[in-house]
Amino acid sequence: MDPGQASAAANLLSFLLFAVLALVAFSVQSVGRLWLILLASGTLMALVVWTSILSEGRV
Amino acid sequence: MKTLRRAMAEFHTWTGLLLGWLMFAMFTTGTSAYFLHEITRWMEPEVVDVASSPSDAANRAVAYLERNAPQAASWFITLPDERRVRTEVRWRSGERGVPQEVRVLDGGGEEVGARETKGGYFLYRFHFDLHFIPALWARFLVGIAAMFMLVSLISGVLTHRAIFTRFFSLSWGKGVTSWFDAHNMTAVFALPFFLMITYTGLVTLAYLYMPFGGMANFTDGGYFALAYPRPPTTEAAGEAASMAEIGAMVSDAQAIWGGVPPETLDIRHPGDRNAVVHARRSRAGSIGTRMPTLSFSGVTGEPVGEVVRPYHGPLQAESVLVGLHAGRFASVGLRWLYFLSGVLGMAMIGTGLVQWTARRRRRLASDGRRHVGFWIVERLNVVTIAGLGAGLGGYFLANRLLPLELPKRAEWEVHSLFIVWAAVGVWALVRPARRAWPETLALASAIYAAVPVANAFTTDRGLASSLASGDGVFVAFDVMMLLLGGAYGVAALVSSRSARSKVSIRARGQRPAAELPSAAEAS
């Protein structure tokens, strides 16, 4: 996908992702576990983006 | 599932409470913005509707600018359309940062000495920029409120398992149950609208809130250059040259765009050999907001290029979502539907806020202690629901009553809104809540009722003469003021009766029926 279109798609979906995460955050039994999942998935995604940027993935 | 529902109920209650006041203000001013041009027309009674085609209006605007701003570096013209009866011209004499000169012309190209006002535009900007705080902070605050509103709507559906069945069993005069039913009914009635308007509202400022997708793909400014391309800049040649007829360029653009005229004309280096006219297509008849810009040589009048923004995929989806939020494409009927849905949104938030205090009052009734949190919420409800209403009425009333020559008049109109709002706030603080409600609602009623009266006495466009001349905008505005006055008056009467009945029942040592659990709640 074209980077501009991909960025717009990410923007549009991010709010829906946020809504789901907020609902999950307020309904989980263990907040500690949620923190762990969020930190782990966030770190993983940050690493992917960082690698992409290092390999001159930006326009 | 029961745990999830309880968690959602708590989340819905607390986010609704904490952000409800801000959401109410955003919904109220945002709803009024669906008629921002009509509000501006009412607030500028000096501007009369002189029929003019876009090309004629452009020619007259350029003739005005040639007479009054021949040395300007750029001219900017906003053409009249079905909803705007004025042509607005702006010019900049110096570098960027120097304030623009702004003039209002009628359809005949004559300058109108319109009173200084921010009109409906102030209300439109308030719903996302607020006031008295930096716009960037306001947009983040508004964004946080909108994000939680989105989640609150979903959690509300999950919380109220009988939300759709209770929609059909509205009960009146049963205290908490009635407030719950009213909250429920308004929420269900326009739920698709609320979901749409909240999500699309976030999309309008998506890049401010969620810039990470663009940052991951582009270096500085790359995303904007792609999503919002601009015509190339040109330098002035420094040689004087006569301008081609701009009306012909407007007609050419209209022909190229299938009959849709330009909305704005941005003229760079007027009177120079390198003069360029950038015509941006009107958004009329199109849901999406990314409009093409056609550029003409200002000297020959020939098209020299067109900048077309991306019309497919997610970028187009984003454009359509923003358009759905703004509703600029809507015809009169659909615009009223937007408006009524917005009013239901205000009712949903308002009844939710009042419901919280009604529920708490019942729980705290036997305690006998003062609860500061409850006291604050109760007052803030009065300040927000009755106070903002009164303030908006004050804004319109100030438009008619402030002297026309008052320095910074437009600012004083805005100050009037906040002065009335603050006065209601002070009143709500010093009065018992059961008295503050009817008193402040009655004040709002009186202010709205006074607006058409002030209009009739200070202009020649009062309700009677507007009816006689068939001026639909002025008639609709005055009638809306009277309807709002009536609605606030009825609300004042109902709350006054409710307060009196509670006092008399308490005097007899009984507990008010409104504070007793209903059969529906007990079950």
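The values are calculated or read from the model by the stated rules, or taken from the named source; none is laboratory data. Computed from a prediction, not measured in an experiment: that's the story for all the values here. Cβ coordinates were reconstructed from backbone atoms using ideal geometry, including for glycine residues, and neighbour counts include every protein chain displayed.
Being at the interface with chain B (Cβ under 10 Å from one of its Cβ atoms), closer than 30 Å to residue B:15 by Cα, surrounded by fewer than 16 Cβ atoms within 10 Å (Cβ to Cβ) and among the β-branched types (Val, Ile, Thr) narrows it down to one residue among A:31, A:20; which is it? Explain how you work it out, then say what you get.
Working: A:31 fails: at the interface with chain B (Cβ under 10 Å from one of its Cβ atoms).
Of the residues listed, the single one that is at the interface with chain B (Cβ under 10 Å from one of its Cβ atoms), closer than 30 Å to residue B:15 by Cα, surrounded by fewer than 16 Cβ atoms within 10 Å (Cβ to Cβ) and among the β-branched types (Val, Ile, Thr) is A:20.
I need the helices (runs of 4 or more DSSP H) fully contained in the range B:176-226, keeping only those with at least 3 residues that are touching a Lys or Arg at 6+ places or on another chain (Cβ under 7 Å) and not aromatic (Phe, Trp, Tyr).
Result: B:176-189.
Under 6 Å between Cβ atoms, which residue pairs at least 6 apart in sequence (or on different chains) link something in the range B:121-149 that is of a type in the set (Val, Ile, Thr) with a partner that is surrounded by fewer than 16 Cβ atoms within 10 Å (Cβ to Cβ) and assigned to a helix (DSSP H, G or I)?
Pairs found: none.
Is it the case that the range B:178-198 has a residue that's at negative phi, within 14 Å of chain A (Cβ to nearest Cβ) and surrounded by fewer than 21 Cβ atoms within 10 Å (Cβ to Cβ)?
Within the range B:178-198, one or more residues are at negative phi, within 14 Å of chain A (Cβ to nearest Cβ) and surrounded by fewer than 21 Cβ atoms within 10 Å (Cβ to Cβ).
Only one of these is crowded, with 20+ Cβ neighbours inside 10 Å, under 24 Å from the mean Cα position of the chain (by Cα) and closer than 19 Å to residue B:277 by Cα: B:65, B:79. Name it.
Values: B:65 fails: under 24 Å from the mean Cα position of the chain (by Cα).
Being crowded, with 20+ Cβ neighbours inside 10 Å, under 24 Å from the mean Cα position of the chain (by Cα) and closer than 19 Å to residue B:277 by Cα holds for just one of B:65, B:79, which is B:79.
Name the residue that is surrounded by the fewest Cβ atoms within 10 Å (Cβ to Cβ), counting only residues in the range B:1-25 that are closer than 30 Å to residue B:395 by Cα and aromatic (Phe, Trp, Tyr).
B:21
For the range B:256-278, does any single residue satisfy the condition of being surrounded by fewer than 16 Cβ atoms within 10 Å (Cβ to Cβ), under 30 Å from the mean Cα position of the chain (by Cα) and either away from chain A (no Cβ under 14 Å) or under 17 Å from residue B:80 (Cα atoms) (or both)? First the steps, then the outcome.
Within the range B:256-278, the first condition is being surrounded by fewer than 16 Cβ atoms within 10 Å (Cβ to Cβ), and the residues that meet it are B:256, B:258-259, B:273.
Still in the list and also under 30 Å from the mean Cα position of the chain (by Cα): B:259.
After this cut, where a residue has to be either away from chain A (no Cβ under 14 Å) or under 17 Å from residue B:80 (Cα atoms) (or both) as well, the list is B:259.
Taking every residue of the range B:256-278 in turn, at least one turns out to be surrounded by fewer than 16 Cβ atoms within 10 Å (Cβ to Cβ), under 30 Å from the mean Cα position of the chain (by Cα) and either away from chain A (no Cβ under 14 Å) or under 17 Å from residue B:80 (Cα atoms) (or both).
Please verify whether residue B:45 is under 22 Å from the mean Cα position of the chain (by Cα), farther than 27 Å from residue B:254 by Cα and assigned to a loop (DSSP other than H, G, I, E, B), treating the condition exactly as stated. Don't jump to the end; show me each part of the working.
Values: under 22 Å from the mean Cα position of the chain (by Cα): yes; farther than 27 Å from residue B:254 by Cα: yes; assigned to a loop (DSSP other than H, G, I, E, B): yes.
Yes.
Kindly indicate whether any position in the range B:158-168 is assigned to a helix (DSSP H, G or I), within 14 Å of chain A (Cβ to nearest Cβ) and either surrounded by 15 or more Cβ atoms within 10 Å (Cβ to Cβ) or at pLDDT below 95 (or both).
yes
Can you work out which of the residues in the range B:311-321 that are facing another protein chain (nearest Cβ under 7 Å) and in contact (Cβ under 8 Å) with a residue 60 or more places away in the chain is nearest to the chain's Cα centre (by Cα)?
B:318
Between B:449, B:444, which is in a helix (DSSP H, G or I), touching a helix residue (DSSP H, G or I) at 6+ places or on another chain (Cβ under 8 Å), modelled with pLDDT of 95 or more and surrounded by fewer than 20 Cβ atoms within 10 Å (Cβ to Cβ)?
B:449
If only one of B:388, B:324 is in a helix (DSSP H, G or I), hydrophobic (A, V, I, L, M, F, W, C) and within 14 Å of another protein chain (Cβ to nearest Cβ), which one is it?
The unique qualifying residue is B:324.
Do you know which of the residues in the range A:38-53 that are more than 12 Å from chain B (Cβ to nearest Cβ) and surrounded by fewer than 13 Cβ atoms within 10 Å (Cβ to Cβ) is nearest to residue B:215 (Cα to Cα)?
Applying the first criterion (more than 12 Å from chain B (Cβ to nearest Cβ)) to the range A:38-53 yields A:38-41, A:43-44, A:47.
Keeping just the survivors that are surrounded by fewer than 13 Cβ atoms within 10 Å (Cβ to Cβ) gives A:39-41, A:43-44, A:47.
Numbers: A:39: 20, A:40: 21, A:41: 19, A:43: 17, A:44: 17, A:47: 15 Å.
The selected residue is A:47.
So residue B:7 clears everything in (1) within 15 Å of residue B:264 (Cα to Cα); (2) outside any loop (DSSP other than H, G, I, E, B) except one condition, right? Which one?
(1)
Here are the criteria: (1) touching an Asp or Glu at 6+ places or on another chain (Cβ under 6 Å); (2) surrounded by fewer than 17 Cβ atoms within 10 Å (Cβ to Cβ). Tell me which single one residue A:8 does not satisfy.
Failed condition: (2).
What is the residue count in the range B:26-58 for residues that are aliphatic (A, V, I, L, M) and surrounded by fewer than 23 Cβ atoms within 10 Å (Cβ to Cβ)?
Qualifying residue count for the region: 5.
For the range B:211-221, does any single residue satisfy the condition of being over 18 Å from residue B:296 (Cβ atoms), within 14 Å of another protein chain (Cβ to nearest Cβ), surrounded by 14 or more Cβ atoms within 10 Å (Cβ to Cβ) and in contact with a Gly (Cβ under 6 Å, 6 or more places away or on another chain)?
no
Between A:20, A:59, which is out of contact with any strand residue (DSSP E or B) (no Cβ under 8 Å at 6 or more places or on another chain) and touching a residue at least 40 places away in the same chain (Cβ under 8 Å)?
Result of the check over A:20, A:59: A:59.
Say whether the condition of being at pLDDT 95 or above, surrounded by 19 or more Cβ atoms within 10 Å (Cβ to Cβ) and not polar (S, T, N, Q) is met by at least one residue in the range B:284-295.
yes
Residues B:109, B:113, B:120: which one is crowded, with 19+ Cβ neighbours inside 10 Å and either touching a strand residue (DSSP E or B) at 6+ places or on another chain (Cβ under 9 Å) or assigned to a loop (DSSP other than H, G, I, E, B) (or both)? First the steps, then the outcome.
Details: B:113 fails: crowded, with 19+ Cβ neighbours inside 10 Å; B:120 fails: either touching a strand residue (DSSP E or B) at 6+ places or on another chain (Cβ under 9 Å) or assigned to a loop (DSSP other than H, G, I, E, B) (or both).
Within the list B:109, B:113, B:120, the selection yields B:109.
State yes or no: is residue B:104 β-branched (Val, Ile, Thr), outside any loop (DSSP other than H, G, I, E, B) and either over 29 Å from residue B:325 (Cβ atoms) or out of contact with any Ser or Thr (no Cβ under 7 Å at 6 or more places or on another chain) (or both)?
For residue B:104, the condition - β-branched (Val, Ile, Thr), outside any loop (DSSP other than H, G, I, E, B) and either over 29 Å from residue B:325 (Cβ atoms) or out of contact with any Ser or Thr (no Cβ under 7 Å at 6 or more places or on another chain) (or both) - is met.
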